[in-house]
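**Q** Here it is, the structure, as structure tokens.
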Amino acid sequence: MKKMLVIVLVLMLTLSLTVGCAQKAEPTPDGGKVKIGLVISTLNNPFFVTLKDGAAAKANELGYELIVLDSQNDPSKEIANVEDLITQKVAVILINPTDSDAVGNAVKAANGKSIPVITLDRGANAGEVVTHIASDNVAGGKMAGQFIIDELKGEGKLVELEGIAGTSAARDRGKGFNEALTGTNLEVVSKQTADFDRTKGLSVMENILQAQPEINAVFAHNDEMALGALQAVKASGREIMIVGFDATDDAVKAVNNGEMAATVAQQPDKIGSLGVEAAAKVIKGEAVEAFIPVDLKLVTK
């Protein structure tokens, strides 16, 4: 009886170890880790730094080597980064596009070498992508719009600061926001691009403030532009409600301080970690959904 008990315990321990090991990546033939590439649009933005950190943590947990390259918001740098990853023989490429149109050439370059591509946060308008992982940006834009509608009771003059032209995030956030305004007496008196950048958000908003004597609220497609707009509004001494998108640390702090009214919270760390999880499934030959959505919520004081 004791022998039988010992045998059962040994079998259970062996099975447990086998299952635990199965969750880790298999080593390459030369004994090294399987490589996953991550091309980020820019690491000069807290949102994408958090996305990268989420991907790195998950890659470490699952036993993959993550190679991260920064495109510095330059499409030509982006395709060079993808070509670099191709020469490094990565198993999968995760890419956060600088521009949804321009990234098509980079995706096609990977397609040509039979390397699967997964897009994060921003989609690709050309090339073959295994899956796209992102927040529902249309829903997020509607969420911001509805908040402003409720706060202004359906009447007022608005400014919309747009992200980089050609990105799916800018297109979808703007679409959702403007759909929410349909049927209200809210008027967008100025809609200008500030390229998801804080400094540009500041300068663009300064110009708008000079041109528009009446502004009740600003919706910025990301928090960096919202924070730039906040600087301009504070300097002008005017009372204008500002709503951002991303819930970066600086923006959440501004909301809690009563300087910004709200920000739509994404989960960039989750986008990154889900990207690596999807890459792991692709490497193992498992099926993945064509779109993997990540939940949003509105952050207010």
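**Q** Determine the gain in length on full extension of the stretch residue 61-residue 89; use 0.36 nm per residue of separation and subtract their C-alpha separation, reporting nm with one decimal.
**A** Gain in length upon complete extension: 8.0 nm.
**Q** If one takes the longest principal axis of the Cα atoms in the chain, at what angle in degrees, from 0 to 90 and to the nearest 10, does the Cα axis of helix 46-62 lie?
**A** On a 0 to 90 degree scale, this one is about 10.
**Q** Same structure again: Taking square-rooted eigenvalues a ≥ b ≥ c of the alpha carbon gyration tensor, is the range 137-265 rounded, prolate or oblate, where a/c under 1.5 means rounded and, failing that, a/b exceeding b/c means prolate?
**A** rounded
**Q** Let me ask you something else. How large is ³J(HN,Hα) for each residue in the range 181-192, as worked out from phi by the Karplus curve 6.51 cos²θ - 1.76 cosθ + 1.60 (θ = phi - 60°), to whole Hz, x for Gly and Pro?
**A** Each residue's phi maps through the Karplus curve to give 6, 4, x, 9, 9, 7, 10, 7, 7, 8, 10, 9 Hz.
**Q** Right, here's the next one. Could you tell me which GluC sites (Glu not before Pro) in the range 85-191 are loop residues by DSSP with no more than 16 other beta carbons within 10 angstrom of their beta carbon?
**A** 128
**Q** Let me ask something additional. Quick one: P(r) of the chain from all Cα-Cα pairs, 20 Å bins, percents rounded to integers, in order of increasing distance.
**A** 33, 47, 17, 4, 0
**Q** Mind computing the radius of gyration and Dmax over the alpha-carbon atoms of the range 68-130? Å is fine for both.
**A** Rg, Dmax (Cα atoms, Å): 10.0, 26.
**Q** Under the 0.36 nm per residue contour assumption, what length would be gained going from the current alpha-carbon distance of residue 188 and residue 284 to full extension?
**A** In short, 29.7 nm is gained.
**Q** May I ask which of 58/113; 113/297; 153/234; 58/191; 113/200 have a Cα-Cα span longer than 30 Å here?
**A** In this structure, 113/297; 58/191; 113/200 exceed 30 Å between Cα atoms.
**Q** How large are Rg and Dmax for the range 129-190 when only the alpha carbon atoms are used, in Å?
**A** Calculated on Cα positions, Rg and Dmax stand at 12.8, 43 Å.
**Q** Label points 7 Å out from Cα along the Cβ direction at residue 76 and residue 43: separation in nm?
**A** The modelled label-to-label distance comes out at 2.2 nm.
**Q** So how much slack lies between residue 203 and residue 253, counting 0.36 nm per residue of separation and subtracting their Cα-Cα distance, in nm?
**A** Separation in residues times 0.36 nm, less the Cα-Cα distance, equals 15.8 nm.
No lab work stands behind these numbers, since they all come straight from the coordinates. These figures come from a predicted structure and were not determined experimentally. A quick note on method: Cβ atoms are made from the backbone with ideal geometry, for glycine too, and the neighbour counts reach across all protein chains shown.
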